[in-house]
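Pasting a structure here, questions to come.
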Ligand code: FES
């Protein structure tokens, strides 16, 4: 497992990206005190999603948005609800929370 960040580093309705040793990228989103994790990989063209570092959410902070063509994804399920990959899903990553922070489980 790999340490990602402190729980307090992530506020509700905020997202944060991480580069892993194997050159893949993942991100976390916190909503209603629950943390969700996904691979940073748009199912449309396989590009990274964020439009600025750590900015994975749309202007309302209620959906994940791909910066390339504006696809919108549910924070809770990763399902694309609008855009060119409508009906496809972001790849969930397994995480768990310990006293000192958020950990990525072995993938
Ligand atoms: S690459 Fe993400 S919506 Fe097209």
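Throughout, read-outs are computed from the coordinates displayed, never taken from laboratory work. If you're wondering where the values come from, they're calculated on a predicted model, not measured in any experiment.
If one puts a single equal scatterer on every Cα of the chain and applies the Debye formula without solvent, what log₁₀ I(q)/I(0) results at q = 0.25 Å⁻¹?
Here the Debye-derived log intensity ratios amount to -1.50.
By how many nm would the segment from residue 8 to residue 24 lengthen if fully extended, with 0.36 nm per residue of separation less the alpha-carbon distance? Could the numbers behind the result be given before it?
On the way: separation 16, 0.36 × 16 = 5.76 nm, distance 2.39 nm.
Here the segment from residue 8 to residue 24 would lengthen by 3.4 nm.
Give me the distance between the Cα centres of segment 48-107 and segment 1-42, rounded to whole Å.
Here the two parts' Cα centres lie 9 Å apart.
When only C-alpha pairs under 8 Å and at least 6 residues apart count, what is the relative contact order of the chain, in percent? All intermediate terms of the calculation are to be shown ahead of the outcome.
Numbers: 229 pairs, mean separation 28.2, N = 107.
Computed over the chain, the figure is 26 percent.
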